[in-house]
Amino acid sequence: MGYLGHESLKANTDYAIEDEIGLGGSQQCFQAVKNQEVDLYHLYTGGAYATIPPKHTEKPESPEAAYEIAKQDMAEEHNLSYLERAQFNNTYSIALRPGFQEETGLETISGFAEYLNSGNTDLTVVLGPEFAERSDGWPGLTDAYGFSDAVSNVNIRKIGANLTYQVLGEGEAEAGMVFTTNPKIRQYNLATLEDDQNFFLPYNPAPLVNSETLSEAPEIEAALNEPMRALDSEQKVIELNSRISNDGEEVQAVARDFLKSEGII
């Protein structure tokens, strides 16, 4: 997301654009925007809704509702502007190593919860560090599905989120956290479990901009919104991600190529 905004701003405005992509996690980047250390960050709506004050405990009625509530909170509580959201949903999922679904018959997270609650806890679960701690991640998931006691007997490993696919694919863990638009799910032949209780929030990325910056440079709004409008399907994002993670193309080059193909630059 970051380089789509970066390249669009470079091409469509006269500002010098500094590259701070990869600054840190969601909370660190949010604080950096709020404190005017950086001017913008692409924040997922689910994270904004669940983890940025004021936090919400009730599930939003729709992806649009999650975005509108988060947008209002950002303006009223933090003096930040939440611009247009992309329509694709890059939410969390729980994936199983190759063969584990066939061995267990697991197809849903409810089934996984029942499996663990029945005493089948001699397994390893790998989690990204943020997901392991966030209320919209593992702690909330285990509570919602009723297997928080059982997981105390499970081997939980916190690893880099991008490593979970390889670790699962090589059979070093039985289950782990993945992002639904990551092409490595297919590359490593992982099976994802149905979120049959709809726990995971919608995760649509949207540019979060310091409102003072936006007032001083209103033309950046259109440059940031156009790439979001173009990202209108999960398959389109999976294909872009595949070019980077599977084919080894450079991130900025893929971002520029996509923006050119959409007529944005």
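The values are calculated or read from the model by the stated rules, or taken from the named source; none is laboratory data. As the structure is a computational prediction, the values presented were derived from the model and not from experiment. Glycine also receives a Cβ, built like all others from the backbone with ideal geometry; neighbour counts cover every protein chain displayed. All accessible areas refer to the heavy atoms of the entire protein, side chains included, with ligands and DNA or RNA removed. Shrake-Rupley method; radii C 1.70, N 1.55, O 1.52, S 1.80 Å.
Taking each of LYS10/LYS34; LYS10/LYS236; LYS34/LYS236 in turn, the alpha-carbon distance tops 25 angstrom for LYS34/LYS236. What part of the accessible area of segment 135-201, given as a whole %, is carbon or sulfur when the probe is 1.4 angstrom? Of all accessible area on segment 135-201, carbon and sulfur atoms account for 41 percent. Taking the helices alone, the chain has a mean residue ellipticity at 222 nm of -12500 deg cm²/dmol, built from -39,500 (n - 2.57) per DSSP H run of at least 4 residues and averaged over all its residues.
Between VAL178, ALA48, PRO218, the Cα set farthest toward the positive side of the dipole of the chain (charges on each charged residue's Cβ, about the Cα centre) is that of VAL178.
In segment 1-155, Cα pairs under 8 Å separated by at least six residues give a relative contact order of 16 percent.
Here, segment 82-171 is characterised by an Rg to Rh ratio of 0.99, where Rg is the alpha-carbon radius of gyration and Rh the Kirkwood radius. Could you tell me the center-to-center distance, by alpha carbons, between segment 1-78 and segment 216-265 in angstrom? Computed from Cα coordinates, the inter-centre distance equals 17 Å. Close amide H partners of ASN89, meaning residues 5 or more places away or on another chain with modelled amide H under 5 Å apart, are GLU234. Rolling a 1.4 Å probe over the protein heavy atoms gives segment 187-265 an accessible area of 47 Å² per residue. Straight-distance candidates among the lysines for linking to LYS158, with alpha-carbon spacing under 23 Å and chain neighbours fewer than 8 residues away dropped: LYS184. For segment 35-185, the Kirkwood hydrodynamic radius comes to 17.0 Å, computed from all pairs of different C-alpha atoms.
Distance between the pseudo-spin-label points of SER233 and GLU64 (7 Å out from Cα toward the beta carbon): 2.1 nm. Legend: calculated FRET efficiency, GLU262 to GLU219, from the Cβ-Cβ distance at R0 = 25 Å, rounded to 0.05, equals 0.85.
Residues of segment 173-192 falling in the label zone of GLU102, defined by backbone nitrogen less than 16 Å from a point 7 Å along Cα to beta-carbon, are 188-192.
The separation of segment 123-198 from segment 86-104, counted between C-alpha centres, amounts to 8 Å.
Spin-label model, TYR15/GLN27: points 7 Å from Cα along the beta carbon direction are separated by 2.7 nm.
How long are the three semi-axes of the equivalent ellipsoid for the chain, computed from the Cα gyration tensor as the root of 5 times each eigenvalue, in whole Å, largest first?
Rounded to whole Å, the semi-axes are 34, 21, 15.
Accessible area per residue for segment 1-65 is 55 Å², calculated with a 1.4 Å probe on protein heavy atoms, without ligands, DNA or RNA. Here the chain is assigned +1 on the Cβ of each Lys and Arg and -1 on the Cβ of each Asp and Glu. Its dipole about the Cα centre then comes out at about 340 debye.
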